[in-house]
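Peer 1: Structure incoming, see below.
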Amino acid sequence: MKFSVDSLRNWPHKKITLLGMSGVGKTWLSSMLRRHDWFHYSADFRIGKRYLDEPILDLVKQEAMQVPLLRDLLRRDWIDIKNNIKVDDLGPVLSFVGKLGDPARGGMLLEEFSRRQAMYREAEIAAMRDVPAFVKKAQDTYGYEHFVNDVGGSLCELEEPEVIDLLVRHTIILYIQVTTSEEEAELIRRAQADPKPLYFRPKFLAEYLPRFEAETGKRVDSVDPDDFTRWIFPHLFHSRIPRYEAIAGPHGYTVTSAEVAGLRDEQDFMALLEAAIARN
């Protein structure tokens, strides 16, 4: 959706999709807006609760079946296992996605890793297709005035134009951009200090796996998965920037991560959104 400042002010039920790398403040901003009568739609929460719930539980049960006591309890239906994902704690989804590396050190071999990556991609696409229904549910069922769509950093990697078209029809795309080398270095530093599972486009992974092995002289299935994740993150970061810009340029608006970090409340956010529209 495209707006003037006046048409935004007159829009009774605001609907925003936040776009950008993990770590730029999307979830923090969404949580802040929730305190001001905004419905917070977390894509990864929806993925974990709806589209990957059974695969996550199957994975946990496979591990539990290796323990004789738990195996007996599960086979007799004497215990149950629940996916207790939270909006601010997406651990079950991250554990399912996992990391590429030595299985003895908590990693996954490429075949299994690629299988789960494909499942995550399909789940993320499905979660985005649910946005219009949740916009309606947020208003009609829960009585929220406004809606914020907190998407994963991998939205730009899906290569599914229909998903972007749907979000553009139903929401304002707001891209949170990292603009300074200092901010970029800090985001990369934080990601490398605490490596998280990541989604990679198959073509991207196919390009960078041989680079990693050539540069390190090691096969990826022999290394600590955190080491591979640390190595690849800066490459992933820089590859995503033009993809975000290709979405935000024709379809949305751009603000900086520094501007978002300075927000205190909904009034500040609306002022920033109006400034972004005016700049555009």
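The values are calculated or read from the model by the stated rules, or taken from the named source; none is laboratory data. Just so it is clear, the model here is predicted, and its values are computed rather than measured. With ideal geometry, Cβ positions are generated from the backbone for all residues, glycine too; neighbour counts draw on all protein chains shown.
Peer 1: Mind checking which residues of the range 77-91 are in contact (Cβ under 8 Å) with a residue 40 or more places away in the chain, in a loop (DSSP other than H, G, I, E, B) and loosely packed, with under 13 Cβ neighbours inside 10 Å?
Peer 2: The answer is 88, and nothing else.
Peer 1: Given the conditions (1) over 24 Å from residue 276 (Cβ atoms); (2) at pLDDT below 95, report the number of the one that residue 117 does not fulfil.
Peer 2: Here residue 117 clears every test but (2).
Peer 1: Turning to a different aspect of this structure: At least 1 residues that are over 19 Å from residue 90 (Cβ atoms) and touching a residue at least 60 places away in the same chain (Cβ under 8 Å) in each: list the helices (runs of 4 or more DSSP H) lying fully within the range 1-51 that qualify.
Peer 2: Result: 5-9.
Peer 1: What are the residues in the range 69-107 that are touching a Ser or Thr at 6+ places or on another chain (Cβ under 6 Å) and at pLDDT below 90, if any?
Peer 2: 87
Peer 1: Of all the residues that make up the range 149-189, how many are in contact with a Gly (Cβ under 6 Å, 6 or more places away or on another chain) and in a helix (DSSP H, G or I)?
Peer 2: Adding up the residues that qualify gives 1.
Peer 1: Residue by residue through the range 31-45, note down the ones that are touching a Phe, Trp or Tyr at 6+ places or on another chain (Cβ under 8 Å) and buried (at least 21 other Cβ atoms within 10 Å of the Cβ).
Peer 2: Across the range 31-45, the qualifying residues are 33, 38, 39, 41.
Peer 1: Right, here's the next one. Is there a residue in the range 120-139 that is modelled with pLDDT of 95 or more, touching a helix residue (DSSP H, G or I) at 6+ places or on another chain (Cβ under 8 Å), small (Gly, Ala, Ser) and surrounded by fewer than 19 Cβ atoms within 10 Å (Cβ to Cβ)?
Peer 2: yes
Peer 1: Is at least one residue of the range 31-42 closer than 17 Å to residue 123 by Cβ and at pLDDT 95 or above?
Peer 2: Among the residues of the range 31-42, at least one is closer than 17 Å to residue 123 by Cβ and at pLDDT 95 or above, which makes the answer yes.
Peer 1: Given 195, 234, which one is surrounded by fewer than 19 Cβ atoms within 10 Å (Cβ to Cβ), touching a residue at least 12 places away in the same chain (Cβ under 8 Å), under 20 Å from the mean Cα position of the chain (by Cα) and not in a helix (DSSP H, G or I)?
Peer 2: 195
A quick yes/no check of all residues on (1) more than 24 Å from the chain's Cα centre (by Cα); (2) within 30 Å of residue 279 (Cα to Cα):
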site	(1), (2)
1	no, yes
4	yes, yes
33	no, yes
41	no, yes
45	no, no
61	yes, no
